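The values are calculated or read from the model by the stated rules, or taken from the named source; none is laboratory data. As the structure is a computational prediction, the values presented were derived from the model and not from experiment. Here the Cβ positions follow ideal geometry from the backbone for every residue, glycine too, while neighbour counts run over all protein chains shown.
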Amino acid sequence: MTADFDATAEQHRQLSAGALLRADTLVAGYVPGVDILRGCNLYLREGEIVAVIGPNGAGKSTLLKSLFGLIPIRGGAVTLRDDDITAQPAHVLVKKGVGYVPQTQNVFQSLTIEENLQMGIYLRPKSFDTRFAFVSELFPLLSDRRGVKAGALSGGERQMVAMGRALMMDPSVLLLDEPSAGLSPMYQDEVFIRCKKINAAGVSIVMVEQNARRCLQICDRGYVLDQGTNAYTASGTALMTDPKVVELYLGTLAGSKEK
């Protein structure tokens, strides 16, 4: 096990010093008086892929949305390079270098691929050509079919468009919510391959994922959430081989589609 396995809040603060992105003891929920996150911690270092897994209703997507300013935060803090970004609006976070790809409704179906990518860089339209060339290196389909409407694409192709659009603003952090959900096995594997390539290009990634085993295979560290708190924290390899994690979580997560 790594030293931060099943880390306490104090251990989290010590280990997360100097992290690119930090969430400290987050308390958050969708409606007043109902907290989905109850003291949740997460940190992401430069160059890492961090996985977030757990059973249905654990608060995984809520954590991601809280990091991106989409859910009211009632306690705790989110920092980016030691800059407090707690509950800042999404467009501000995009300018600061945080990209977010939701699981559903993540493309404009009536727009072409190129128009979707233009929407991704509307804050810096003069940089479109440079960023389009970069994104096309990662996803050649986007260049090859730039005039095709997103609504005519397969689920896997739409996911490429959504990820490409989030990369247009040159983020340092990319938040991915269930990127392989609903895709064929071939496209699921393609998503994980592309995530590794995005990471190798200098983007640090936090990934909520239903395909827990595959996600843990490619991540540097993982968090297991349960009832809005951190149940376990360790390297992906350590989580995959820990008997408690396997027994309590991994046996039921492979086919889970809800969060």
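Report whether or not S204 is over 14 Å from the mean Cα position of the chain (by Cα) and among the hydroxyl-bearing types (S, T, Y).
No: the conditions fail for S204.
Quick check, is T8 surrounded by fewer than 24 Cβ atoms within 10 Å (Cβ to Cβ), in contact with a helix residue (DSSP H, G or I) (Cβ under 7 Å, 6 or more places away or on another chain), polar (S, T, N, Q) and modelled with pLDDT under 95?
In short, no.
Does region 159-187 hold any residues that are farther than 20 Å from N211 by Cβ and in a loop (DSSP other than H, G, I, E, B), and which are they?
If the condition is that a residue be farther than 20 Å from N211 by Cβ and in a loop (DSSP other than H, G, I, E, B), then M168, M169, D170, P171, S172 are the ones that fit.
Within region 205-214, work out how many residues are farther than 16 Å from R165 by Cα and either polar (S, T, N, Q) or modelled with pLDDT of 95 or more (or both).
5
Among what's in region 133-152 and is assigned to a helix (DSSP H, G or I) and closer than 18 Å to N106 by Cα, pick the residue that is nearest to the chain's Cα centre (by Cα).
For region 133-152, the residue satisfying everything is V135.
Just a yes or no: is a residue in region 62-79 touching an Asp or Glu at 6+ places or on another chain (Cβ under 6 Å), surrounded by fewer than 16 Cβ atoms within 10 Å (Cβ to Cβ) and not in a helix (DSSP H, G or I)?
Yes: one or more hits.
Pick from region 95-118 the residues that are within 14 Å of the chain's Cα centre (by Cα) and of a type in the set (V, I, T): which of them is nearest to L176 (Cα to Cα)?
By that ranking, first place goes to V101.
Considering only region 194-222, state which residues are hydrophobic (A, V, I, L, M, F, W, C), surrounded by fewer than 17 Cβ atoms within 10 Å (Cβ to Cβ) and not in a loop (DSSP other than H, G, I, E, B).
The one that is hydrophobic (A, V, I, L, M, F, W, C), surrounded by fewer than 17 Cβ atoms within 10 Å (Cβ to Cβ) and not in a loop (DSSP other than H, G, I, E, B): A200.
Among the residues of region 91-115, write down those that are free of Cβ contacts under 8 Å to residues at least 24 places away in the same chain and surrounded by fewer than 13 Cβ atoms within 10 Å (Cβ to Cβ).
Matches in region 91-115: V92, T104, Q105.
Evaluate the following for C219: is it closer than 18 Å to A19 by Cβ, of a type outside the set (F, W, Y) and at pLDDT 95 or above?
Considered against the rule, which asks whether it is closer than 18 Å to A19 by Cβ, of a type outside the set (F, W, Y) and at pLDDT 95 or above, C219 comes out as yes.
Being in contact (Cβ under 8 Å) with a residue 40 or more places away in the chain and surrounded by fewer than 23 Cβ atoms within 10 Å (Cβ to Cβ) is the filter; apply it to region 175-188 and report the residue that is nearest to the chain's Cα centre (by Cα).
Going through the qualifying residues, I end up with A181.
Among the residues of region 14-35, what is the count of those that are polar (S, T, N, Q) and touching a Phe, Trp or Tyr at 6+ places or on another chain (Cβ under 9 Å)?
Looking only at that region, the number is 1.
(1) in contact with a Lys or Arg (Cβ under 8 Å, 6 or more places away or on another chain); (2) small (G, A, S); (3) assigned to a strand (DSSP E or B): which one isn't true of A58, the others all being true?
Only one criterion is unmet by A58, namely (3).
Are there any pairs with C-beta distances below 6 angstrom linking a residue in region 7-33 that is over 19 Å from D83 (Cβ atoms) to a residue that is surrounded by 18 or more Cβ atoms within 10 Å (Cβ to Cβ) and at pLDDT below 90, with the two at least 6 apart or on different chains, and if so which?
Note: pairs meeting the criteria are L15/D4.
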